[in-house]
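First comes the structure, then the notes that go with it.
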Amino acid sequence: MANVLVHIHSDLEFKNKVTLGLMVALAADKNGHDVTLFLAADGVHILNCKSAGEIVGQGTGDLYEHLESLKETNVTILVSGKSAKARGYDETLLDGYKASFAMPDRLVETSLKSDSVLCY
């Protein structure tokens, strides 16, 4: 199967982009691909969604439901530590997720090893 990198850097204001990015990551994982999700810039806000109905895309689903589904996958979640810190988050942002903070060099490394890079 393929290595897929899904890079989400959009703000929650762009509901369709962030929910589509997660929906695609989940679909790739379901189809047996090795998926890495990298959240950077305003995309780090995604993990702060705490309830269903808070962020819902048009035809792309509920962000909270996608996040809950993500917890049951093999998707590697990397979160820009610099982006998180700049937006007031600490390691508690990662609570409940199989996630870790990463630096920009990890994004570059992961993108170079991927067969497909999808950005939202």
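Below, the figures for the structure above:
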{"quantity": "Label-to-label distance, nm, for residues given as M103 and V56 (7 Å Cα→Cβ offset)", "calculated": "4.2 nm"}
{"quantity": "Placed amide H near V79: partners under 5 Å, 5+ positions off or other chain", "calculated": "L39, S100, F101, A102"}
{"quantity": "Under 14 Å, Cβ to Cβ, from T19 - net charge with Lys/Arg +1 and Asp/Glu -1", "calculated": "-4"}
{"quantity": "³J(HN,Hα) computed for each position of segment 5-11 - Karplus, 6.51 cos²θ - 1.76 cosθ + 1.60, integer Hz, glycine/proline x", "calculated": "10, 10, 10, 10, 10, 7, 6"}
{"quantity": "Residues of segment 84-104 with amide N under 19 Å of a point placed 7 Å along Cα→Cβ from C119", "calculated": "84, 102-104"}
{"quantity": "15 Å reach of a label modelled at S111, 7 Å along Cα-to-Cβ, counting backbone N of segment 5-24", "calculated": "5-10"}
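Readers should treat all values here as calculations from the given coordinates under stated rules, not as data from a laboratory. Everything quoted here is computed from the prediction, not taken from an experiment. As a convention, Cβ positions derive from the backbone with ideal geometry for all residues, glycine included, and neighbour counts pool all protein chains shown.
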